[in-house]
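Chemist: My questions all concern the structure below.
The values are calculated or read from the model by the stated rules, or taken from the named source; none is laboratory data. Just so it is clear, the model here is predicted, and its values are computed rather than measured. In this analysis, Cβ positions are derived from the backbone assuming ideal geometry, glycine residues included, and neighbour counts consider all displayed protein chains.
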Amino acid sequence: MVLYPEYYKKFNCIAHRCKHNCCIGWEIDIDDRTLDFYNSVDGDFGERLRQSIYQEGAPHFKLKSNDRCPFLNDNGLCDIITTLGEDALCQICNDHPRFRNDYSTFFEFGLGLCCEEAARIILTFEKPFSLISKEGEPLVTKEEAAFFSFRQSLIDLAQEETLSFEEKLKKFEDTYDYKFLRRDILGWVDFLSQLERLDPAWEKYLTLAQVQSEKLNAVDLSSYEKYFSRLLVYFIYRHTADGLYDGKFTQRAALSFYCTYLIRLLTAAQLTYNDNFAIKNFIELCRSFSAEIEYSEENTESILSL
Ligand code: SF4
């Protein structure tokens, strides 16, 4: 059985129209089943596949200059799909930008914020967050039932329209007896600057926040509250389920608040400086945060340990 957010099926990769092609800049591991298949493909294309894969250790594609996947062609299309069809993709390419939460007898799927089209859908979908299941209610264990109740109360809090983000954060702290770390913006920029750096373009957000630090408190973010609410729900949905494996339920909920909190600070910095800052720029900022922080295990751990 599978559950997914209502907006999930709206996603279609925008391929050559995408500015941040996910076939650039990442090491792409190839699962064993797909590697066996690639090793069995005949002819010139089979030879090209094998020449383009490091087979030792964790098998992965040999990236070209600018970290491009060797099968991403000049039209922004994937040669594996155009030659062998979509079923020939490895697990990572097939799943991306989707993620999966695993439970005892069922799965949840979601869209990841690091893809610009997924980010657009997550942040602009107008209806409250809800999960769809085509096969009725899933069978859950006692622990899972307790988790779903915990998560739903967090999602309800995140979607409470009468509360600002700061008020939601305060309520979270009071309810779960959690002390949220408060630093000034320069302290947060310093923290973010010391994390693993994946994309040099991320620097511009940190530099601007540093330069504009004294102006941030005066910024009115009220028109962004609904976007912060959707962000918070996204992070809760994505990150709290792993609490069933590591027991860090409250820390994972706090991670969701920290991620939203940091994006708020960076948004405020943009608004002090750029009169033309629009929702599309905000979506790009969120995508960039996700690619830089959320998609680095090391960086996510650093926030989880705050
Ligand atoms: S980042 Fe998203 S929209 Fe862009 S190529 Fe990848 S899956 Fe498609």
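Chemist: Give the residue, chosen from 3, 72, that is surrounded by 11 or more Cβ atoms within 10 Å (Cβ to Cβ), touching a residue at least 60 places away in the same chain (Cβ under 8 Å), closer than 30 Å to residue 280 by Cα and of a type outside the set (Val, Ile, Thr). Step through it out loud before you land on a result.
Modeler: Values: 72 fails: touching a residue at least 60 places away in the same chain (Cβ under 8 Å).
Answer to the selection: 3.
Chemist: Restricting attention to region 1-24, which residues are near the ligand (Cβ under 8 Å from one of its atoms) and among the aliphatic types (A, V, I, L, M)?
Modeler: Scanning region 1-24 gives 14, 15.
Chemist: Answer with yes or no whether residue 119 is in the same structural domain as residue 292 (by TED's automatic domain parsing), within 16 Å of the ligand (Cβ to nearest atom), closer than 28 Å to residue 271 by Cα and within 23 Å of the chain's Cα centre (by Cα).
Modeler: no
Chemist: Scanning for something touching a helix residue (DSSP H, G or I) at 6+ places or on another chain (Cβ under 7 Å), away from the ligand (no atom under 16 Å from the Cβ) and of a type outside the set (Gly, Ala, Ser), does region 101-110 turn up at least one residue?
Modeler: Looking for residues that are touching a helix residue (DSSP H, G or I) at 6+ places or on another chain (Cβ under 7 Å), away from the ligand (no atom under 16 Å from the Cβ) and of a type outside the set (Gly, Ala, Ser), one finds at least one in region 101-110, hence yes.
Chemist: For region 195-225, give me each residue that is more than 15 Å from residue 269 (Cβ to Cβ) and either touching a residue at least 40 places away in the same chain (Cβ under 8 Å) or more than 22 Å from the chain's Cα centre (by Cα) (or both).
Modeler: Keep residues of region 195-225 that are more than 15 Å from residue 269 (Cβ to Cβ), which gives 195-201, 222-223, 225.
195, 196, 197, 198, 199, 201, 222, 223, 225, listed by residue number.
Chemist: Right, next: Just to be sure, is residue 71 out of contact with any Pro (no Cβ under 8 Å at 6 or more places or on another chain), of a type in the set (Phe, Trp, Tyr) and either in the same structural domain as residue 231 (by TED's automatic domain parsing) or more than 16 Å from the ligand (Cβ to nearest atom) (or both)?
Modeler: Spelling it out, it is not the case that residue 71 is out of contact with any Pro (no Cβ under 8 Å at 6 or more places or on another chain), of a type in the set (Phe, Trp, Tyr) and either in the same structural domain as residue 231 (by TED's automatic domain parsing) or more than 16 Å from the ligand (Cβ to nearest atom) (or both).
Chemist: In region 102-125, what residues are of a type outside the set (Asp, Glu), crowded, with 18+ Cβ neighbours inside 10 Å and assigned to a strand (DSSP E or B)?
Modeler: 110, 111
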